[in-house]
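Data block below; observations after.
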Amino acid sequence: MEHTILKTEALKAYYVLDLYGKAKVVKAVNEVDLDIKENEIYGIAGESGCGKSTLLKTLVAAVEPPLRVVGGRVTYRVAGVDVDVATLSDEEKRQLRLEFIAYVPQGSMSVLNPVIKIKDTYRDFIESHISAQQKAGAYELARDHLRELGLPVTILDAYPHQLSGGMRQRVTIALATLLKPRLIVGDEPTTALDVVVQRGVVQLLKDIQSDLRNTVVLVTHDMGVHANVADRIGIMYAGKIVEEGTTERIFADPQHPYTKYLIESLPKFGDKTPRDSVPGSPPSLADLPSGCPFHPRCPHVKAICKSEMPPSLRQADGHRVACWLVEDGVVVSQRPAAQVSGEGTHANVA
Amino acid sequence: MQTLLEVDKLTKVYTQGNLLARINIMAVDRVTFDIKPAEIFTLAGESGCGKTTTAKMIMGFEESTSGVIRHNGKPQRPNEQVWRTEGVQAIFQDPFATFNPLRTVDRYFFETVWSYKLAPNRKAAIALIDRKLKAIGLSYEEFAGKYPSEFSGGQLQRISIARALLTDPKLLIADEPVSMVDASLRMSIVNLFKQLRDEFGVSVLYITHDLATAYYVSDRIAIMFRGNVVEMGTVEEVLMAPKHPYTQLLRDSIPEADPKRRWQGKVILSDLEQEEYLQQGCRFAGRCPHVMPVCRQAEPPDLQVKGTLVKCYLYSEEDAANQC
């Protein structure tokens, strides 16, 4: 059994805005429990505006006003010791970044400094983490690292605008993994890329992961990418993880109506049967509906859904769903009743 | 069968550099296709393959270097306002950039109605707008007086389609209409194209890099690579049995939402786009797994194999003759 490397307990992170003397609270991360293991790829999926990026910000401890962590905690396991992120000083956080946790952002054009060459960006990164004696070897370290990843070494002498979008994104990933972090957090690292390039970038990320045997937390709304790389997936809706399980289980047997919609709305090759989008549109995080936040869009809505948030129920194999339909034993994926009987064995962890 | 739009050897050359050191980039290289009435035709390919430039030339936003565009058999004049003369309307990629955030959305609708003289008075205009909005699943009351920020991306994209429909167009040019919209809401837009084709006989030129929605919605498809159409035919033929090695690579690279079918093998990415544009012979030769010496020397011919156009040396004239 692998150890937990990253853990959140009832994490709440809100944007607290002051609009004309009236407080406006955007509940972007609302009681999220995550337990991410070593040597796994954990995918987080959801629509835009569901709080995915905010969750990542709190995971990498880059919380700046107006974002505030109002409850719960984030724990890293650094070298066998549990560390509560809230207790770290800025200098300690700086040390952990890149060496323990690395962040791969989305827009690679705005990440790399456009007026300096890639090798200078590399030098900046290396010099902030390596002692003065080793600085002379910085260029060699960068070159070896690129060669290891199979990227052309000539790009070190290029400016960011001379590289294609896919190459820039791969350079960003290479930079993030320079010091072999134990945890890589990627925020839509492949979104805006072409399919072939996307495949190359995901391939690079997977190669690094299997090489370092570390953990990757991958946020993307593309369920196809999740199906391809993730070991486990958490489905996020309106600031909450509504369903979590192994990739196989999520795709073969989704239980939350939202997950079902997400998967069934994807067109497949060789199948032209009509498909529907998720009805309605995502709720505003500043003005969440009462009870289950999905109830205004849910086709199976019941009275209790409108008043109370369903607890997140863990089942025998670690699968977790927050839906009133599942608790009743009436699973929304219209399967034969015999298969549903296993639902009674789950323990309530909420 | 009559064709609605014919594109014949359309070419666009961009020149880079100065007088002494000049490179010509063939952004669009002798692209030829046609669209029939009530047909959804997809132009697919990676970014930088020339699909948007092709659309811009059809819209008259960009002047072609050579080649002819014909609407119902009539050649398009330079800078012709095809949206007035030929009933061509466009839908753009980013719905939030389509509408001015400081203007209510209905003002765009009224502006179109007045400038095309589609209705004699405000009451008739509202009736017309309401009818078009009904087609996309909204009503006038839900939308009047609202700003773009009050709609979701998917809704706003459907509103921009409704605006294009006001003039009863025969052809919609949709340039990446779903790429800025959430995957969960994409189907609402793609389904709308199907509905427009079936109920109103509108043809759609659907430009996308998303082959899964292209397969779902379109009748015929052309795959572009570095300015060339490398394969063209019905979606079943092209996407279910791809013939050109590039189409095969593209098809294999689409992440399928099925954990049992993960990517196999590795891909090689090109480091510099420009080199591929300038390459002699087949532009895919540098990355092709089946590359032969002849591929690097001369451009492959366009062959008809089983009703599909393929631009590749792997298929010979005999193949084409035998299978016809």
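Points worth noting:
- Residue count for segment B:117-138, restricted to those that are of a type in the set (G, A, S) and outside any helix (DSSP H, G or I): 2.
- Test: residue in segment B:113-130 that is crowded, with 23+ Cβ neighbours inside 10 Å and touching a Leu at 6+ places or on another chain (Cβ under 9 Å): yes
- The single residue among A:L288, A:L266, A:L218 that is crowded, with 19+ Cβ neighbours inside 10 Å and in contact with a strand residue (DSSP E or B) (Cβ under 9 Å, 6 or more places away or on another chain) turns out to be A:L218.
- Among the residues making up segment A:164-204, those that are among the hydrophobic types (A, V, I, L, M, F, W, C) and free of Cβ contacts under 8 Å to residues at least 40 places away in the same chain are A:M167, A:A174, A:L193, A:V195, A:V196, A:V197, A:V201, A:V202.
- Total residues in segment A:214-228, condition within 9 Å of another protein chain (Cβ to nearest Cβ) and closer than 22 Å to A:N30 by Cα: 1
- Scanning segment B:178-193 for residues that are more than 9 Å from chain A (Cβ to nearest Cβ) and assigned to a helix (DSSP H, G or I) yields B:L192, B:F193.
- Within the option set B:G233, B:G227, B:G201, being more than 13 Å from every other protein chain (Cβ to nearest Cβ), within 30 Å of B:Q89 (Cα to Cα), under 19 Å from the mean Cα position of the chain (by Cα) and surrounded by fewer than 20 Cβ atoms within 10 Å (Cβ to Cβ) holds for one residue only, B:G201.
- When restricted to residues that are assigned to a loop (DSSP other than H, G, I, E, B), among the aliphatic types (A, V, I, L, M) and more than 7 Å from chain A (Cβ to nearest Cβ), segment B:236-254 contains 1.
- For segment A:285-297, the condition holds for at least one residue, the condition being that it is of a type in the set (S, T, Y) and at pLDDT 85 or above.
- For A:R320, the conditions (1) surrounded by 19 or more Cβ atoms within 10 Å (Cβ to Cβ); (2) closer than 28 Å to B:G137 by Cβ; (3) basic (K, R) all hold with the exception of (2).
- B:D302 meets all of the listed conditions (1) within 19 Å of B:D29 (Cα to Cα); (2) in contact with a helix residue (DSSP H, G or I) (Cβ under 7 Å, 6 or more places away or on another chain); (3) charged (D, E, K, R) but one, namely (2).
- Looking across A:T4, A:T8, one residue alone is within 15 Å of A:V185 (Cβ to Cβ) and touching a strand residue (DSSP E or B) at 6+ places or on another chain (Cβ under 7 Å). It is A:T8.
- Taking the numbered list (1) touching a helix residue (DSSP H, G or I) at 6+ places or on another chain (Cβ under 6 Å); (2) surrounded by fewer than 20 Cβ atoms within 10 Å (Cβ to Cβ); (3) more than 28 Å from B:G48 (Cα to Cα) in turn, B:L133 passes all entries but (2).
- Residue check for A:R147: without any contact (Cβ under 8 Å) to a residue 40 or more places away in the chain and surrounded by 24 or more Cβ atoms within 10 Å (Cβ to Cβ): no
- Restricting attention to segment B:136-160, the residues that are surrounded by fewer than 15 Cβ atoms within 10 Å (Cβ to Cβ), within 29 Å of the chain's Cα centre (by Cα) and within 14 Å of another protein chain (Cβ to nearest Cβ) total 3.
- Any hit, segment A:171-188, residues being within 14 Å of chain B (Cβ to nearest Cβ) and more than 29 Å from the chain's Cα centre (by Cα): no
- The C-beta contact set for segment B:9-23 (first residue in contact (Cβ under 8 Å) with a residue 12 or more places away in the chain and surrounded by 14 or more Cβ atoms within 10 Å (Cβ to Cβ), second residue of a type outside the set (G, A, S) and assigned to a loop (DSSP other than H, G, I, E, B), distance under 8 angstrom, 6+ apart or interchain) comprises B:T11/B:T65; B:K12/B:E62; B:K12/B:T65; B:V13/B:T65.
- In the set A:V104, A:V85, A:V111, only one residue is under 19 Å from A:H221 (Cα atoms), in contact with a Ser or Thr (Cβ under 8 Å, 6 or more places away or on another chain) and β-branched (V, I, T); that residue is A:V104.
- Of all residues in segment A:79-107 being crowded, with 18+ Cβ neighbours inside 10 Å and of a type in the set (A, V, I, L, M), the one that is modelled with the lowest pLDDT: A:L98
- Qualifying positions in segment A:158-167 - within 12 Å of chain B (Cβ to nearest Cβ) and not hydrophobic (A, V, I, L, M, F, W, C): A:Q162, A:S164, A:G165, A:G166
Listed here are the residues, each with its yes/no results for (1) within 30 Å of B:A44 (Cβ to Cβ); (2) in contact with a Phe, Trp or Tyr (Cβ under 7 Å, 6 or more places away or on another chain); (3) among the basic types (K, R).
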{"residue": "A:I118", "(1), (2), (3)": "no, no, no"}
{"residue": "A:T121", "(1), (2), (3)": "no, no, no"}
{"residue": "A:E127", "(1), (2), (3)": "no, no, no"}
{"residue": "A:A136", "(1), (2), (3)": "no, no, no"}
{"residue": "A:A142", "(1), (2), (3)": "no, yes, no"}
{"residue": "A:P152", "(1), (2), (3)": "yes, no, no"}
{"residue": "A:H161", "(1), (2), (3)": "yes, no, no"}
{"residue": "A:R182", "(1), (2), (3)": "no, yes, yes"}
{"residue": "A:V202", "(1), (2), (3)": "yes, no, no"}
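- Candidates in segment B:9-55 are the residues that are over 15 Å from the mean Cα position of the chain (by Cα) and β-branched (V, I, T); of these, the one that is modelled with the lowest pLDDT is B:I23.
- Residue within segment B:81-95 that is of a type outside the set (S, T, Y), under 30 Å from B:S149 (Cβ atoms) and in contact with a Gly (Cβ under 7 Å, 6 or more places away or on another chain) present: yes
- Residue in segment A:12-24 that is under 22 Å from A:V225 (Cβ atoms) and either β-branched (V, I, T) or surrounded by 18 or more Cβ atoms within 10 Å (Cβ to Cβ) (or both) present: no
- Of all the listed residues (B:A320, B:A257), the sole one being away from chain A (no Cβ under 14 Å) and modelled with pLDDT under 85 is B:A320.
- Screening A:D211, A:D271, A:D231, A:D194 for residues that are more than 11 Å from chain B (Cβ to nearest Cβ), more than 30 Å from A:L19 (Cβ to Cβ) and of a type outside the set (K, R) leaves exactly one candidate, A:D211.
The values are calculated or read from the model by the stated rules, or taken from the named source; none is laboratory data. All of these numbers come straight from a predicted model, not from anything done at the bench. Neighbour counts run over all protein chains shown; Cβ positions are idealised from the backbone, glycine included.
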